[in-house]
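S.K.: One structure, pasted below without further comment.
The values are calculated or read from the model by the stated rules, or taken from the named source; none is laboratory data. The structure presented is a predicted model; accordingly, all values stated were derived computationally and were not measured. Heads up, the Cβs are rebuilt from the backbone with ideal geometry, glycines too, and the neighbour counts pull from every protein chain shown.
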Amino acid sequence: MDIKSLVDPEGGLINRRIFADPEIYALERERVFARCWLYLGHESEVPNPGDFVTAYMGEEPVILWRDLNGRIGAYLNLCRHRGNRVCRADRGNARILTCSYHGWSYTSDGKLALVPMIDAFRELEREKWGLIPVAQVDSYKGLIFGTFDPEAPSLTEYLGDMAWYLDILLDRREGGTEVSGPHRWVLDANWKTAAENFGGDGYHIFSTHGSARELGIDTTTNQTRQWNQGCQIACGNGHILVSWITPPDGGPWFAQPDDELVRYMKEHAAEIESRLGTMRARKISPSAGTVFPNFSIHWLTRTIRVWHPRGPDKMEIWSWAVVDKAAPQAIKEKMRFVSQYRFSPSGVFEQDDMDNWAQVTGAAKSLIGRSYPANYQMSGNEPPIALDLPGRTMSRFSDNNQLNLYMHWAKVLEAKNWDEIKSAAS
Ligand code: FES
Ligand code: FE
């Protein structure tokens, strides 16, 4: 399959096949989801020895489990005997998980501990039949990621410049963050429609979310209408975000979607600036972004989410609210409310977005429509950004970020291994 021919960055054209084709999806499972670093969960979800949550890496079910020595590991949620799921719970605490089929039991470090009627097996070498581990697991300021590929670069290298922007959500206050959730729901849309939207589609806000603005139920708009400057930023490795450039008297309270949160941010502005520095506390304010391939963040409304693929034309969305650990309880509640009010299955913005992504995916299945490419020709007409920021800054209303995402996607899909991904020109 000639993947590169599906993405034409010079012409600004994307072949609609990439949003619904089963063959492309099969390759994505292998080359994207079995190779890249994927979000597994937050450290605050597994604070104690024995704590676990179940998650997915692509379509692979996994258990994220803190062992009795405090080390976090991740394992395929698959019993080595016949393949039954070892863990059926969403979360919990266990020293041992026992498979419900024949009773094989595994300890929190993934080892096979107990096999009923073991004497009836000829020579079962228990040490060879532990849970299948996720090859690399690491965390960045509370966010735990894993990759099935032992050859993948370190998480730090993988995140690259994107980590500097993630700090603006994760490292504002002492103690970092904690999460609540996830909300989970299924949508008839390809996962990339959401990943590209969160990665920089400032263009859709006026029409898609116009009703929220007209009704006056989006309180961020007052500030951003009066001061409407920003940029797209491509961080490399397919990571992309869109950010406001804040006004000269701006600060971490800029465009906060609630008066109480504006007050909270003003109260803690000095601490935030001392942790993040002036540029990240006062000059920029990221809105939304995507860590390649399927982890997205909305800084302002404090949602993080995974677009789990469920076939070429379906995804399962998992969405958490992120709050500062050091915030008073009332502020945490407000932050959670703000997050869910806008982005959750019933969120005022989420509902607007979801319908569009399903329609875009539908177009990729249209007998006639799929032979016409999708348009990504918006190149932007705003003046260049004067700030010296990590990554490549581009016009906010453009398709540069989206094309950047798809060029990286094509590169990962074509490459046979990580050496080829690294050596291919971006
Ligand atoms: Fe798990 Fe048999 S499938 S014990
Ligand atoms: Fe939107």
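S.K.: What residue, of 69, 84, 48, 15, is surrounded by fewer than 22 Cβ atoms within 10 Å (Cβ to Cβ) and in contact with a Leu (Cβ under 6 Å, 6 or more places away or on another chain)? Show your work before the answer.
M.R.: Values: 69 fails: in contact with a Leu (Cβ under 6 Å, 6 or more places away or on another chain); 84 fails: in contact with a Leu (Cβ under 6 Å, 6 or more places away or on another chain); 48 fails: in contact with a Leu (Cβ under 6 Å, 6 or more places away or on another chain).
Result of the check over 69, 84, 48, 15: 15.
S.K.: Which ones in region 299-320 are touching a helix residue (DSSP H, G or I) at 6+ places or on another chain (Cβ under 6 Å) and over 20 Å from residue 162 (Cα atoms)?
M.R.: Pass one, region 299-320, residues touching a helix residue (DSSP H, G or I) at 6+ places or on another chain (Cβ under 6 Å): 299, 301-303, 307, 309, 312-313, 315.
Answer for region 299-320, where residues must be touching a helix residue (DSSP H, G or I) at 6+ places or on another chain (Cβ under 6 Å) and over 20 Å from residue 162 (Cα atoms): 309, 312, 313, 315.
S.K.: Here is a follow-up. Hey, any hits in region 118-132 for a residue that's modelled with pLDDT of 95 or more, surrounded by fewer than 17 Cβ atoms within 10 Å (Cβ to Cβ), within 31 Å of the chain's Cα centre (by Cα) and under 26 Å from residue 182 (Cβ atoms)?
M.R.: Among the residues of region 118-132, at least one is modelled with pLDDT of 95 or more, surrounded by fewer than 17 Cβ atoms within 10 Å (Cβ to Cβ), within 31 Å of the chain's Cα centre (by Cα) and under 26 Å from residue 182 (Cβ atoms), which makes the answer yes.
S.K.: Moving on. Going through region 1-26 one residue at a time, which ones are touching a residue at least 60 places away in the same chain (Cβ under 8 Å) and either of a type in the set (Asp, Glu) or in a helix (DSSP H, G or I) (or both)?
M.R.: Initially, region 1-26 is screened for residues touching a residue at least 60 places away in the same chain (Cβ under 8 Å), giving 3-4, 6-9, 11-22, 24-25.
Listed by number, the residues that qualify are 3, 4, 6, 8, 16, 17, 18, 19, 21, 22, 24, 25.
S.K.: Six or more apart or on different chains, Cβ atoms under 6 Å: show the pairs whose first residue is in region 64-82 and touching a residue at least 12 places away in the same chain (Cβ under 8 Å) and away from ligand 2 (no atom under 16 Å from the Cβ) and whose second is of a type in the set (S, T, N, Q) and assigned to a loop (DSSP other than H, G, I, E, B).
M.R.: Cβ pairs passing all conditions: 65/108; 67/108; 68/108.
S.K.: Follow-up question, since we're still on this one. Kindly evaluate residue 75 against the criterion of being part of a strand (DSSP E or B) and within 14 Å of ligand 1 (Cβ to nearest atom).
M.R.: Working: part of a strand (DSSP E or B): yes; within 14 Å of ligand 1 (Cβ to nearest atom): yes.
Taking the combined requirement at face value, the residue satisfies it.
S.K.: What do you reckon, is residue 375 surrounded by fewer than 17 Cβ atoms within 10 Å (Cβ to Cβ) and touching a residue at least 60 places away in the same chain (Cβ under 8 Å)? It would help to see each step written out before you state the result.
M.R.: Numbers: surrounded by fewer than 17 Cβ atoms within 10 Å (Cβ to Cβ): yes; touching a residue at least 60 places away in the same chain (Cβ under 8 Å): yes.
Criteria met by residue 375.
S.K.: When region 78-98 is examined, which residues are found to be within 10 Å of ligand 1 (Cβ to nearest atom) and β-branched (Val, Ile, Thr)? Step through it out loud before you land on a result.
M.R.: Step one: of region 78-98, the residues within 10 Å of ligand 1 (Cβ to nearest atom) are 78-86, 98.
Correct list: 86, 98.
S.K.: Looking at region 327-346, is at least one residue in the same structural domain as residue 209 (by TED's automatic domain parsing), among the β-branched types (Val, Ile, Thr), touching a residue at least 12 places away in the same chain (Cβ under 8 Å) and within 16 Å of ligand 2 (Cβ to nearest atom)? Give the derivation first.
M.R.: From region 327-346, those in the same structural domain as residue 209 (by TED's automatic domain parsing) are 327-346; that's our starting set.
Within this subset, residues satisfying the condition of being among the β-branched types (Val, Ile, Thr) are 331, 338.
From what is left, the residues that are touching a residue at least 12 places away in the same chain (Cβ under 8 Å) are 331, 338.
Of the ones still in play, those that are also within 16 Å of ligand 2 (Cβ to nearest atom) are 338.
There is at least one residue in region 327-346 that is in the same structural domain as residue 209 (by TED's automatic domain parsing), among the β-branched types (Val, Ile, Thr), touching a residue at least 12 places away in the same chain (Cβ under 8 Å) and within 16 Å of ligand 2 (Cβ to nearest atom).
S.K.: On to the next question. So, restricting to helices (runs of 4 or more DSSP H) that lie completely within region 246-349, which ones have at least 3 residues that are closer than 15 Å to residue 169 by Cβ and touching a strand residue (DSSP E or B) at 6+ places or on another chain (Cβ under 9 Å)?
M.R.: On the way: elements: 259-267, 269-278, 329-342.
Ranges flagged: 329-342.
S.K.: Could I ask something else about it? Write out, first by first residue and then by second, each pair whose Cβ atoms fall under 8 Å of each other, whose residues are 6+ apart or on separate chains, and whose first residue, in region 187-205, is modelled with pLDDT of 95 or more while the second is within 13 Å of ligand 2 (Cβ to nearest atom) and part of a loop (DSSP other than H, G, I, E, B).
M.R.: Close Cβ pairs (under 8 Å, with a partner that is within 13 Å of ligand 2 (Cβ to nearest atom) and part of a loop (DSSP other than H, G, I, E, B)) amount to 197/204.
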